[in-house]
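Chemist: The structure that follows is given in the form of structure tokens.
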Amino acid sequence: MERLNYWQFPGFENIYLEDSYVLSINAKTSIQILLETVLTENHSLYTQPLPAEQYCYRRMTVNFPHPQTYDLVVNNISPIADPDGSIDYGNIDEFFRADGKYYLRVGEWGELTIVSDPPMIFDVENYLIVRNGDSLLEINKEKITGFEWKRAGKGVVSLLYENDSGNPLSVKIDAEKDPEGFAAALGYMRELETGYATDITGGGELTFDKIKQYYAPNFNQKNVQAFSVKFPSSAGNQYSISAITS
């Protein structure tokens, strides 16, 4: 079995996941994992660590585009409280590709097995990640020159921005077609209005909080060891949650 470790994936070469922190996970018809990511010195966004920190951290999201199947096994999702009052869900112990699947394991809560296009990692501090047809588009926040929110139906946000060459471009973000991008765009608009950064984790339909609503009353049942979140489900729904028993 040929194994390809995460640092061999395009875009992941100069990050260190073993000391990065999982902040949230969203699952709908794709998986997005929000991380407080450790950047190594060769990363283009690397800066000197803050005085009280060992590493340069950057808030980034790992996306698995166009998933065919995934199995998210959750055996413990108690958040870890940090001294500053923030919470996280532990470090990533392993992330690799083998037998056509991607495997991601977090010791504190479980593991993800997924068949998808190659994973992508995005800087969500400085970029908006939105859908452009079947692909994902990174828009530098500093290059945004205008926006408009049309509130008909669930809403559409139109953004005007410049690419790296200075050419003007535009994109429309539909709340129904791209809920994560729509939420990110509204978060950016709130940043401009209020002057503080918002925690953008997307508008995915399945989150840790929703898993916990199912997890809490059922975990104490006899022989229940963990819960499995599968996509697609046999009933044709977007996902299914089932107990794993001993």
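Chemist: Given the conditions (1) touching a residue at least 24 places away in the same chain (Cβ under 8 Å); (2) more than 18 Å from the chain's Cα centre (by Cα), which single one is not true for Thr61?
Modeler: Thr61 satisfies every listed condition except (2).
Chemist: Take the residues in the range 109-137 that are surrounded by fewer than 17 Cβ atoms within 10 Å (Cβ to Cβ) and modelled with pLDDT under 80, then tell me which one is nearest to Asn167 (Cα to Cα).
Modeler: Residue satisfying both the conditions and the ranking: Asn132.
The values are calculated or read from the model by the stated rules, or taken from the named source; none is laboratory data. Just so we're clear, the structure is a prediction, and the values are computed from it rather than from any experiment. Cβ: placed from backbone, ideal geometry, glycine included. Neighbour counts: every protein chain shown.
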